[in-house]
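The values are calculated or read from the model by the stated rules, or taken from the named source; none is laboratory data. Source: prediction; values computed, not measured. Virtual Cβ from ideal backbone geometry, glycine too; neighbours counted across all protein chains shown. Just so you know, the surface numbers come from the protein's heavy atoms only, side chains and all, with ligands and any DNA or RNA stripped out. Shrake-Rupley method; radii C 1.70, N 1.55, O 1.52, S 1.80 Å.
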Amino acid sequence: MSEHSYVIVDATGANFRTDINSVLRAIYSNNSGSSEPSTTYAYQWFYNTSDHTLKIRNSANDGWIIVADFVDSASAP
């Protein structure tokens, strides 16, 4: 689970590489987390690990559209 602002900070060496790796983790995890990312972009994907919904940001970047509602074995009663 990872989220990132997608803004790469000006850094050197290992700090720059750490920031890039954080961006990549956010991408391949669909920006998953228990609360929405603090920085959002139009058409950005987000998987909410609290309520198990997959969402996409709308074109105006002012709201989320629920694409799917999931219940996995870890959250099932």
I'd like the residue in the range 47-67 that is part of a strand (DSSP E or B) and closer than 13 Å to residue 37 by Cβ and, out of all such residues, is nearest to the chain's Cα centre (by Cα). 47
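Do you know which residues across the range 34-48 are of a type in the set (Ser, Thr, Tyr) and open to solvent by less than 40 Å² (accessible area, probe 1.4 Å)?
Taking the range 34-48 first, the residues of a type in the set (Ser, Thr, Tyr) are 34-35, 38-41, 43, 47.
The answer is 40, and nothing else.
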What pairs come out if I take residues in the range 11-28 that are over 29 Å from residue 48 (Cβ atoms) and pair them with residues that are surrounded by 14 or more Cβ atoms within 10 Å (Cβ to Cβ) and of a type outside the set (A, V, I, L, M, F, W, C) whose C-beta lies under 8 Å away, six or more apart or interchain? 11/19
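Which of the residues that make up the range 25-53 are at pLDDT 85 or above and under 18 Å from residue 7 (Cα atoms)? Explain how you work it out, then say what you get.
Quick first cut of the range 25-53, residues at pLDDT 85 or above only: 32-53.
Result: 32, 36, 37, 38, 39, 40, 41, 42, 43, 44, 45, 46.
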Matching residues, the range 7-18, being surrounded by 12 or more Cβ atoms within 10 Å (Cβ to Cβ) and either aliphatic (A, V, I, L, M) or under 21 Å from residue 57 (Cα atoms) (or both): 8, 11
Does the range 54-77 hold any residues that are at pLDDT below 95, polar (S, T, N, Q) and open to solvent by 50 Å² or more (accessible area, probe 1.4 Å), and which are they? 73
Can you tell me which residue is nearest to residue 9 (Cα to Cα) among those in the range 19-33 that are among the polar types (S, T, N, Q) and either open to solvent by 30 Å² or more (accessible area, probe 1.4 Å) or touching a Phe, Trp or Tyr at 6+ places or on another chain (Cβ under 9 Å) (or both)? 21
